[in-house]
Amino acid sequence: MRYELTDREWSIIQPVLPTKSRGVPRVDDQLVLNGIFWLLRSGAPWRDLPECYGPYTTCYNRFNRWRRAGIRDNILAAMTDRRDDDVQMLDTSIARVHQHASCVKECESNCTGRSRGGLTTKIHAVVDAKGLPLRLALSAGQDHDGLFAGDLLTELRYNGMLLADWAYDSDAIRELVRERGAWANIPPKRNRRNPICFSPHLYRDRNHVERFFNRIKHCRRITTRYDKLAANFLAFIKLAAIRLWLGIYETT
């Protein structure tokens, strides 16, 4: 079926997955992962998972178990060893929150908030020079983009360059980048008094981060947030990021 892992992709992921089993025989991990990727692309509810992928409760429980164990983080960290991070790009994108995901009492702690587009969640991403994801985070829709720059820019390469839009034009962010020995090529805001060194020619490459958001939003589970828990929504985003990296590994 569509969206399933190829044999090459499965051979890359399999060594990272936990192998310890207990109790009754487990449903095959590859089958479970294929079911989760089907849900990621289709945006369907867990109960609508096709029977060919096994019981939906098995897929759901293993999805949550792997999230709590940090399996996706381990896979993503292992794959980013091939990153081209001399140039890093930072940006955010909005995901509309479905009505079924909005019925949570503590909305602020669950990364949902009111913005111009209604109830939304912001996806923060840092990508490398090829537009492949390095770090991901979530926040409420009304939060300013620059609030999370400090947490996302912890691995800037010395003598590297950061590309970001004018929303990140602040003295604090520029100083943070400077402390890490990098250069922030960010267009200055109109109200900035002091002149800033900025290259429009180099800034053209920032479209790679826009392409990244466009590619992961092929997955309907990311275009619209159906998950009540922010941790589950972020886990699906990381799965989409892993699939992009798998494509690079498969072609090389």
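The values are calculated or read from the model by the stated rules, or taken from the named source; none is laboratory data. Remember, predicted model here, so these are calculated numbers, not experimental data. Don't worry about glycine lacking a Cβ; one is built from the backbone with ideal geometry, like all the others, and counts go over all protein chains shown.
Things to note:
- Residue match in the stretch 92-103 (condition: surrounded by fewer than 18 Cβ atoms within 10 Å (Cβ to Cβ), within 27 Å of D151 (Cα to Cα) and more than 18 Å from the chain's Cα centre (by Cα)): yes
- With a requirement of 1 or more residues that are among the β-branched types (V, I, T), the helices (runs of 4 or more DSSP H) lying completely within the stretch 183-224 that satisfy it span 207-216, 220-223.
- For the residues N214, N159, N207, N194, the requirement of being loosely packed, with under 15 Cβ neighbours inside 10 Å and modelled with pLDDT of 95 or more singles out N214.
- Contact annotation: residue pairs with Cβ atoms under 6 Å, 6 or more positions apart or on different chains, pairing a residue in the stretch 142-154 that is under 12 Å from L176 (Cα atoms) and touching a residue at least 40 places away in the same chain (Cβ under 8 Å) with a partner that is assigned to a helix (DSSP H, G or I) and among the aliphatic types (A, V, I, L, M), are A149/I173.
- Scanning the stretch 75-95 for residues that are over 14 Å from I237 (Cα atoms), at pLDDT 90 or above and in contact with a helix residue (DSSP H, G or I) (Cβ under 8 Å, 6 or more places away or on another chain) gives V87, M89, L90, D91.
- Complete set of residues in the stretch 96-119 that are more than 20 Å from K238 (Cα to Cα) and either of a type in the set (D, E) or at pLDDT 85 or above (or both): E106, E108, L119
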